[in-house]
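Working notes for the structure below.
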There are 2 protein chains.
Amino acid sequence: MTPRPPTLLFRPRLLSSAINTQRSPACLLLPRTMSSAAEFKQAPHKLLVIPGPIEVSDEVLYANAHPSMSHVSPDFVPVFGDCIRMTREVVLSKEGQPFLIAGSGTLGWDQVASNLIQPGENALVLHTGYFGDSFTECLEIYGAKVDQLKAEVGGVVATEEIESALKAKKYRLLTFTHVDTSTGVLSDAKAIAETVRRVSPETLVILDGVCSVASEELRMDAWGIDVVLTASQKGLGVPPGLSILVASPKAIKVFEERTAPVASYYASWKKWLPIMKAYEAGKPAYFATPPVNLIYAYHTSLSAITKNAPSLEERFELHRAASKQIKDTAAELGLKQLPLKPEYAAMGMSALYFPSGMSAADVLPSLGAKGIVVAGGLHAAVKDKYFRVGHMGLTAVDGQRGDIQTVTNALKEVFGAKK
Amino acid sequence: MTPRPPTLLFRPRLLSSAINTQRSPACLLLPRTMSSAAEFKQAPHKLLVIPGPIEVSDEVLYANAHPSMSHVSPDFVPVFGDCIRMTREVVLSKEGQPFLIAGSGTLGWDQVASNLIQPGENALVLHTGYFGDSFTECLEIYGAKVDQLKAEVGGVVATEEIESALKAKKYRLLTFTHVDTSTGVLSDAKAIAETVRRVSPETLVILDGVCSVASEELRMDAWGIDVVLTASQKGLGVPPGLSILVASPKAIKVFEERTAPVASYYASWKKWLPIMKAYEAGKPAYFATPPVNLIYAYHTSLSAITKNAPSLEERFELHRAASKQIKDTAAELGLKQLPLKPEYAAMGMSALYFPSGMSAADVLPSLGAKGIVVAGGLHAAVKDKYFRVGHMGLTAVDGQRGDIQTVTNALKEVFGAKK
């Protein structure tokens, strides 16, 4: 079965409007308000295929241009409530408690570090790139004692290592980066959670899914993940500015039983938990003004992901297929992947070493000249030796856009010429 | 001189497009892309006159629907740099250091509490409503010892009281809410800063300008304010989701000389200061992904405020005039203001007691039925006894919209009938 691209649902209105304009004098009588979603089309721009922000649909951008609304109005409250419910669906959780807060993905770390671990308690950070170091620093600022298990560049931490670390010391929580945006390395979330449950069931499993939610297979409840934290601008297909986190009932219990005060004000679940519960129950509440327009945009994208075709499961498959196309082309062109094994490679992005004699200074402008924006390296150890291509969201799931073909063609032109 | 409304600059293009549509068959030949700012018009909606979020212009909303962009791209970096520079202009500062971070206004408190005061140091909070209590709580979470000087409901803290408090104890900082959104009380920022400078020059003056920046007269450098913190969704006329703060060189020095570690990760100036300096210098840098679309929206609004007519000074006048119209009408209708004296009343909002026998349950729906959204009470002591009308930004400065007339007419209909 070929899944139907999600935007198709909106196309009939677009088409009829186009027909009106081009074939019928009726347009002379119609006021040109441009105030309908079907008529809005974003300005022409280069194809953005970095590992986030990603391409955003016209429908989502139009929602981001929603007229200004009161954050406590009866029109907005149910929209926020829906977003809370659909956030649960998108991480495949029945009972998780979502937190939607104005901020970038990084704010999710502060939420974990200030609400779920007390000063002096131990945290185990699995390190597969840049973001392991940053999460470590964040945990330490809030008083946690952090041990790191560091994978080699492009590798993952072996299960045996995790197991012995968990046996040697009592950890309040373990964190890992599901997809490390700096390396494109995908950690095996299911196996990690399984190991923790088996060896140290009281340890919370914290998944940093900033670069994985809605693009990589992720089953929060089934796999036993306690926290999924992410942001709006990657697989979720919304502009940046929203910190999204889902906490398991077990994580909420750890939060509720903490004896040390929460060490942040803005990231405090003491403040946010009643707000999230109120909005979900259809009642307004106030702690800090939510990013109203971005919530409308998020609602539009979540509706496409959770209610329309392709389904979430189909989206996982479409990301796999898109990833395979990019990675097969890269292999044909002799471009080595940064992840050391195919099973460590993310589906939503590719990190590719330059062939010898080429660098970001050659490649990025060449691709830019073809209207394609990719990202340079980020991991300090190999920063200048590789580049990154994002293939999340629309680019991966809406075949009609032809983005994957556009990217593979451009890669062939840029790297094929040098072979 | 009658200032020209800022949107006028955009109108000629709007008009010519309308003429094309309605009078000329040329529209039959034009593709209907809707991808130009001049053509975009937000959907019809009720007039939002709460004390924030406020009405947002079509141009700003269109910018919020900007195609997705890389946060480190050469196209975006100068836009962010411009926003930093124009933020300085809007608070009338030459040397202040702006911080633009994804978050709501509340995050500004965490920035102050985690970067500018060390555990055990004293803070003096001037309390003129709901927001004094919240800022106090935030400061205490980060270890500050807080004393409050509490005004009666609708009043301000007397200068003499501030003076004796400053003489009695050494305070690292003093905070006040320039306009307390819960009461509509305007504090005399100039007099407060003058008092601090005179009595305790080493104390930092922190102004919470969430409900005042760009609507109330505010001269950061001339008055000697050390921190102005605000948010995007009030006088600045942008959707919510951006925490905006400007720190004086003196405040930055206090931050740089602190000996205790910064007690937040996401709000840490150790992280953000190099990022802001890099973007202003035209170089990309990364700590956490900025809210790219909102930065485009903010850029559009700041450009209107700082580069177009009416000027910032004219805007202060226009807010005064709009406020007078609303408050005069309220007085005619026998509606008492919550601020105890006219000189304590904000220009960007009005807090008005219901006449006896009326309540939010009567008034808000009546105004809603006329297409007008106002806000209920927020200050716990008098919550059910008053309502709030916002008159900031477009509503106050763009006379062609007729918003103030719409509001005064509706107030007359709703309250006049009961006289």
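The values are calculated or read from the model by the stated rules, or taken from the named source; none is laboratory data. If you're wondering where the values come from, they're calculated on a predicted model, not measured in any experiment. Neighbour counts run over all protein chains shown; Cβ positions are idealised from the backbone, glycine included. When the accessible area is computed, the model is the full protein with side chains, heavy atoms only, and any ligands, DNA or RNA have been set aside. Shrake-Rupley method; radii C 1.70, N 1.55, O 1.52, S 1.80 Å.
Considering the range B:332-383 alone, what residues qualify as being among the basic types (Lys, Arg), touching a helix residue (DSSP H, G or I) at 6+ places or on another chain (Cβ under 7 Å) and within 14 Å of another protein chain (Cβ to nearest Cβ)? Answer for the range B:332-383, where residues must be among the basic types (Lys, Arg), touching a helix residue (DSSP H, G or I) at 6+ places or on another chain (Cβ under 7 Å) and within 14 Å of another protein chain (Cβ to nearest Cβ): there is none.
Only residues that are outside any loop (DSSP other than H, G, I, E, B) and in contact with a strand residue (DSSP E or B) (Cβ under 8 Å, 6 or more places away or on another chain) were counted across the range B:117-152, and they come to 20. Scoring residue A:328 on the criteria (1) surrounded by 14 or more Cβ atoms within 10 Å (Cβ to Cβ); (2) at pLDDT 95 or above leaves a single failure, condition (1). From the list B:388, B:320, B:401, the one residue that fits, being open to solvent by 40 Å² or more (accessible area, probe 1.4 Å) and within 14 Å of chain A (Cβ to nearest Cβ), is B:401. Looking only at residues in the range B:11-60 that are facing another protein chain (nearest Cβ under 7 Å) and in contact with a Phe, Trp or Tyr (Cβ under 7 Å, 6 or more places away or on another chain), the one that is modelled with the highest pLDDT is B:40. Can you find even one residue in the range A:310-317 that is within 16 Å of residue A:211 (Cα to Cα) and aromatic (Phe, Trp, Tyr)? Yes, some residue in the range A:310-317 is within 16 Å of residue A:211 (Cα to Cα) and aromatic (Phe, Trp, Tyr). So which residues in the range A:314-362 are out of contact with any His (no Cβ under 9 Å at 6 or more places or on another chain) and closer than 16 Å to residue A:397 by Cα, if there are any at all? Of everything in the range A:314-362, those that are out of contact with any His (no Cβ under 9 Å at 6 or more places or on another chain) and closer than 16 Å to residue A:397 by Cα turn out to be A:314, A:315, A:316, A:317, A:318, A:320, A:321, A:324. Kindly check whether there is at least one residue in the range A:200-211 that is more than 30 Å from residue B:62 (Cβ to Cβ) and open to solvent by 10 Å² or more (accessible area, probe 1.4 Å). Yes, the conditions are met somewhere in the range A:200-211.
Of the set (1) open to solvent by less than 40 Å² (accessible area, probe 1.4 Å); (2) in contact (Cβ under 8 Å) with a residue 12 or more places away in the chain, all apply to residue B:311 but (1).
If I filter the range A:285-294 for residues that are small (Gly, Ala, Ser), in contact with a Pro (Cβ under 9 Å, 6 or more places away or on another chain), within 19 Å of residue A:85 (Cα to Cα) and open to solvent by 20 Å² or more (accessible area, probe 1.4 Å), do I get at least one hit? Within the range A:285-294 (the criterion being small (Gly, Ala, Ser), in contact with a Pro (Cβ under 9 Å, 6 or more places away or on another chain), within 19 Å of residue A:85 (Cα to Cα) and open to solvent by 20 Å² or more (accessible area, probe 1.4 Å)), the answer is yes, since at least one residue qualifies. Among the numbered conditions (1) open to solvent by less than 10 Å² (accessible area, probe 1.4 Å); (2) closer than 28 Å to residue B:252 by Cβ, the only one that residue B:186 does not meet is (1).
For the criterion of being more than 7 Å from chain A (Cβ to nearest Cβ), part of a helix (DSSP H, G or I) and modelled with pLDDT under 95, residue B:63 fails. Go through the range A:278-296 residue by residue and tally those that are without any contact (Cβ under 8 Å) to a residue 24 or more places away in the chain and more than 14 Å from chain B (Cβ to nearest Cβ). Counting residues in the range A:278-296 that are without any contact (Cβ under 8 Å) to a residue 24 or more places away in the chain and more than 14 Å from chain B (Cβ to nearest Cβ) gives 1. Filtering the range B:252-269 to residues that are within 14 Å of chain A (Cβ to nearest Cβ), surrounded by fewer than 21 Cβ atoms within 10 Å (Cβ to Cβ) and either assigned to a strand (DSSP E or B) or without any contact (Cβ under 8 Å) to a residue 60 or more places away in the chain (or both) leaves only B:261. Among the residues of the range B:234-251, at least one is within 12 Å of another protein chain (Cβ to nearest Cβ), under 27 Å from residue A:111 (Cα atoms), of a type in the set (Ser, Thr, Tyr) and crowded, with 21+ Cβ neighbours inside 10 Å. Here residue A:300 passes the criteria (1) in a helix (DSSP H, G or I); (2) of a type in the set (S, T, N, Q); (3) open to solvent by less than 30 Å² (accessible area, probe 1.4 Å) except the one numbered (3).
Taken together, B:46, B:94 contain a single residue that is open to solvent by 10 Å² or more (accessible area, probe 1.4 Å), farther than 24 Å from residue B:201 by Cβ and not small (Gly, Ala, Ser), which is B:46. Filtering B:200, B:187, B:215, B:248 for residues that are in contact (Cβ under 8 Å) with a residue 24 or more places away in the chain and either β-branched (Val, Ile, Thr) or touching a strand residue (DSSP E or B) at 6+ places or on another chain (Cβ under 6 Å) (or both) leaves a single hit, B:187.
Of the residues making up the range A:303-341, those that are among the polar types (S, T, N, Q), assigned to a helix (DSSP H, G or I) and farther than 30 Å from residue B:105 by Cβ are A:306, A:323, A:325, A:329.
Those residues that are over 30 Å from residue B:350 (Cα atoms) and not in a loop (DSSP other than H, G, I, E, B), I need them from the range B:35-60; list them, please. Quick ask: steps written out before the conclusion?
Looking only at the range B:35-60, we keep the residues that are over 30 Å from residue B:350 (Cα atoms), and these are B:35-40.
Those that are over 30 Å from residue B:350 (Cα atoms) and not in a loop (DSSP other than H, G, I, E, B): B:37, B:38, B:39.
Quick grid of which residues meet (1) away from chain B (no Cβ under 14 Å); (2) under 20 Å from the mean Cα position of the chain (by Cα); (3) crowded, with 20+ Cβ neighbours inside 10 Å:
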residue	(1), (2), (3)
A:78	yes, no, no
A:101	no, yes, yes
A:107	no, yes, yes
A:123	no, no, yes
A:132	yes, yes, yes
A:138	no, yes, yes
A:150	yes, no, no
